[in-house]
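The values are calculated or read from the model by the stated rules, or taken from the named source; none is laboratory data. Being a predicted model, the structure only gives us computed values, none of them experimental. In this analysis, Cβ positions are derived from the backbone assuming ideal geometry, glycine residues included, and neighbour counts consider all displayed protein chains. With ligands, DNA and RNA removed, areas are computed over all heavy atoms of the protein, side chains included. Shrake-Rupley method; radii C 1.70, N 1.55, O 1.52, S 1.80 Å.
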Amino acid sequence: MTALLTERNGTAPRSTAPGSPPSAPRRRPGRERAFDDVPRWQIYLPLGIYLLFTLVPFYWMLLFAVRPAGSTSLVPWPMTGAHFSKVWNERSFAVFFQNSMIVGVATLVATTLVALAGGYALARFDFRIKGVFMLALLCSQFIPGALMLVPLFEIFRNLQMINSLGSVVIAETVFQLPLSIILISGFIKNVPVSLEEAAWVDGCSRFTAFRTVVLPLLRPGLIAVGSFAFVHSWNHFLFALMFLSEQDKQTIPVGLNTLIGADSVDLGALAAGGVIAAVPVVVVFAFIQKWLITGFSAGAVKG
């Protein structure tokens, strides 16, 4: 049989010494190369081009923010802080920043707590409409937020919550919950039930076992969900525009929109406002990038 196969393949069998390890199979021509065989420039060149296209808009924004008005230099020198002082003091960006921080932190806390309870229920309990509920959570991600503006506005108007930061917090939390519950549920499923059962045997209640055993293991997932909720609420424009009418209640995205006039645009002030809006997001991702990647990947494995 071996001779027949070798005749068909057109190759002769190679003799090996008794007891010697089998030789590694040869790589056929046309077979894909391994990652280590790829020249480094084929990896770094596309990444460098992508990084260039990503950083150029940020550099352009920073250039307009620190460059004096009327200057056309492509190098930010001499630098000035007049644009930052103007938007922070004259355009009420200090108030906008405070309102955005309140909305972001409140949305983070509310989304994390509710998603933690819902994710634990989906991961640890079986009930009749569990599959239907999961399907509804997934389908809700396909509904644009703009379609819900009129119903939400009517609800908040009846509750006398228009022009209140609480209305924005509730709307942001509701739209963040489906994805957050799915991620937290997948992350809890990675925690063995035997750990909780051991705590129950030792006399702990379900809540105590969850708080002392499961919750510390959910740190990457909670950081991922919380950071995603904070960043989304920080950057979201539509809900704040529709539910907040007074200037002292508006957030940074709406404040940036006020810098765009009907006849002219103050590019320096607009760029300075964009830098102020981007700094918290950059800081958050710089500190939690490791936890963010771990949390999203772990939460998406099981569902």
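Against the definition (part of a helix (DSSP H, G or I), within 23 Å of the chain's Cα centre (by Cα) and farther than 30 Å from residue 196 by Cβ), how does residue 225 come out, yes or no? Against the criterion (part of a helix (DSSP H, G or I), within 23 Å of the chain's Cα centre (by Cα) and farther than 30 Å from residue 196 by Cβ), residue 225 does not qualify.
If only residues of the stretch 47-65 that are aliphatic (A, V, I, L, M) and without any contact (Cβ under 8 Å) to a residue 60 or more places away in the chain are counted, the one that is farthest from residue 86 (Cα to Cα) is 47. Applying the set (1) open to solvent by 30 Å² or more (accessible area, probe 1.4 Å); (2) modelled with pLDDT of 90 or more; (3) not small (Gly, Ala, Ser) to residue 138 leaves exactly one unmet item: (2). Looking at 5, 52, 74, 113, just one residue is among the hydrophobic types (A, V, I, L, M, F, W, C), modelled with pLDDT under 80, open to solvent by 50 Å² or more (accessible area, probe 1.4 Å) and in a helix (DSSP H, G or I), and that residue is 5. Only one entry in 155, 162 is over 17 Å from residue 113 (Cβ atoms) and free of Cβ contacts under 8 Å to residues at least 24 places away in the same chain, namely 155. Once the stretch 170-198 is narrowed to residues that are among the small types (Gly, Ala, Ser) and crowded, with 19+ Cβ neighbours inside 10 Å, the residue that is nearest to residue 126 (Cα to Cα) is 185.
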